[in-house]
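Just so you know, all these numbers are worked out from the coordinates, no wet-lab data involved. These numbers come from a predicted model, not from an experiment. Neighbour counts run over all protein chains shown; Cβ positions are idealised from the backbone, glycine included.
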Amino acid sequence: MTDFHFYEPAKGHGLKHNPLNAIVAPRPIGWVSTVSPDGVRNLAPYSFFNAFAYVPPLIGFSSQGWKDSVENARATGEFVWNLATRDQAEAMNATSATVPHDADEFALAGLEALPSRLVRPDRVGGSPVQFECKVTQIVQLEDKQGSAIAQWLVLGEVVGAHIDRAMLEDGVYQTARARPILRGGGPADYFEITDAALFKMSRPA
Ligand SMILES: Cc1cc2nc3c(=O)[nH]c(=O)nc-3n(C[C@H](O)[C@H](O)[C@H](O)COP(=O)(O)O)c2cc1C
């Protein structure tokens, strides 16, 4: 018989650390750039991030509290997602620092800002993939009683995708080639994806 630790989250987890984000892991990172209406560049990582639809491509990140990225996305209707890789892990982490609203987080992290084609927020230079997005919904999340919580899900449609051609092999995107990083649990755990993690399994007919 498996000996399960059972807990009801509303009553506490009874462990040293809340295991949720170590269990729902590793999570892709939404390295999100936005711009304020008066032109201040903003860049921040969000690991409550994923893709939610294929056609049209919808991606989203979830903010604990109303952060600058959410406010800029609301005010301008735009954001850019940048793929975080092992080469830029430290820079990505640096962009999570709490800084004044008027600080340019590209400059603070020593990152080059590349202009986008269809939206105003810049792209992260050196990141091998960037998606230019138009905001489709900003959803304030609710608990089971239907009470609003201080968590906002920002969804956007990818209107332009930039892919470093070096990541393509005969027109097929090679996930591990960029060495993407993903977030584990605890204060500091990350995973790096390499070819060693790959296995193949086809869907049943
Ligand atoms: C890897 C990583 C993942 C993070 N994921 C989230 C997240 O999913 N939601 C969130 O609210 N904050 C998250 N944070 C913290 C934000 O990046 C941090 O609060 C940042 O200052 C927000 O910037 P902004 O106010 O410019 O949007 C994460 C930080 C790191 C380093």
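Laid out as a table, the results:
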read-out: Alpha-carbon Debye profile of segment 69-147, log10 I(q)/I(0) at 0.23, 0.25 Å⁻¹; value: -1.18, -1.29
read-out: GNM flexibility winner over the chain from R165, R41, R177 (Cα, springs under 10 Å); value: R165
read-out: Reachable aspartates and glutamates, given that their alpha-carbon falls under 12 Å from the alpha-carbon of K134 and they are not under 8 places away in the same chain; value: E78, E157
read-out: For segment 126-200, alpha-carbon Rg and Dmax in angstrom; value: 17.3, 51
read-out: Inter-site label distance for N18 and F191 at 7 Å from Cα along Cβ, in nm; value: 2.1 nm
read-out: Loop chymotrypsin sites (Phe, Trp or Tyr not before Pro), segment 1-72, which have at most 10 other Cβ atoms in a 10 Å radius of their Cβ (DSSP); value: F4, F6, Y54
read-out: Proximal lysines relative to K144, as straight alpha-carbon distance under 19 Å, when same-chain residues fewer than 8 apart are discounted; value: K11
read-out: Linear extension gain, T175 paired with A53, 0.36 nm per residue minus alpha-carbon span; value: 42.1 nm
read-out: Scaled radius of gyration (Cα, divided by 2.2 N^0.38 Å) that segment 1-103 gives; value: 1.32
read-out: Computed label-point distance, nm, for sites A89 and D102 using a 7 Å Cα→Cβ extension; value: 3.6 nm
read-out: Over the chain, relative contact order from alpha-carbon pairs under 8 Å, at least 6 apart, %; value: 23 percent
read-out: Overall Cα dimensions of the chain - principal axes, largest extent first, Å; value: 56, 44, 35
read-out: 5 angstrom amide H check on E78, placed H, neighbours 5+ away; value: V135
read-out: Karplus-derived 3J(HN,Hα), 6.51/-1.76/1.60, for each residue of segment 51-63, Hz, glycine and proline x; value: 9, 10, 8, 8, 10, x, x, 10, 10, x, 10, 10, 10
read-out: Between segment 64-112 and segment 139-169, the Cα center-to-center distance that results, in Å; value: 15 Å
